[in-house]
Amino acid sequence: TDFKDGLYLAGAEVELDVEPPTGWKKWIVPSAEYLGFKVENNYQDTFKKGLDYLKAHNLSLVMAVFDFHKMDENGQLYIMFPVSIVA
């Protein structure tokens, strides 16, 4: 799959018992192992690099890819590729 088109879901991490605002859906994401790729210059290039890495190492996505903004003074962006579910 070339992943030319996708769906972006905005959300926030909250405690399990938090009720979503009216009109929002709650999405409970299972624990997973992720490969993270630091976005240096270009998001699309980093995304492709991640997909190429998965293909080269015979790995498969197990659910949606996530953006992760590191909460520090730099706010670094990573693209997180879930590759296996943690039991």
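The values are calculated or read from the model by the stated rules, or taken from the named source; none is laboratory data. Bear in mind the structure is a predicted one, so any value in this text is a computation, not a measurement. When we count neighbours, we look across all protein chains shown, and the Cβ atoms used for this are built from the backbone with ideal geometry, even at glycine. What goes into the accessible areas is simple: the full protein's heavy atoms, side chains included, and nothing from ligands, DNA or RNA. Shrake-Rupley method; radii C 1.70, N 1.55, O 1.52, S 1.80 Å.
Summary of values
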| read-out | value |
| --- | --- |
| Where Rh is the Kirkwood radius over Cα pairs, Rg/Rh for the chain | 0.98 |
| The chain - mean residue ellipticity at 222 nm from DSSP helices (-39,500 (n - 2.57) per run, n ≥ 4, rounded to 500) | -5000 deg cm²/dmol |
| Given charges at beta-carbon only (K, R positive; D, E negative), |dipole| of the chain in Debye | 320 debye |
| Separation of the N58 and L16 label points, Cα + 7 Å toward Cβ, nm | 3.5 nm |
| Lysine pairs with alpha-carbon atoms under 15 Å apart, the chain, spacing 8 or more or separate chains | 5 |
| Rounded percent of accessible protein surface that carbon and sulfur make up, the chain, 1.4 Å probe | 53 percent |
| Residues of the chain: accessible area per residue with a 1.4 Å probe, Å² | 85 Å² |
| Neighbour net charge for P20 - beta-carbon separation under 15 angstrom, K R +1, D E -1 | -2 |
| Angle in degrees between helix 43-56 and the longest Cα principal axis of the chain, rounded to the nearest 10 | 70 degrees |
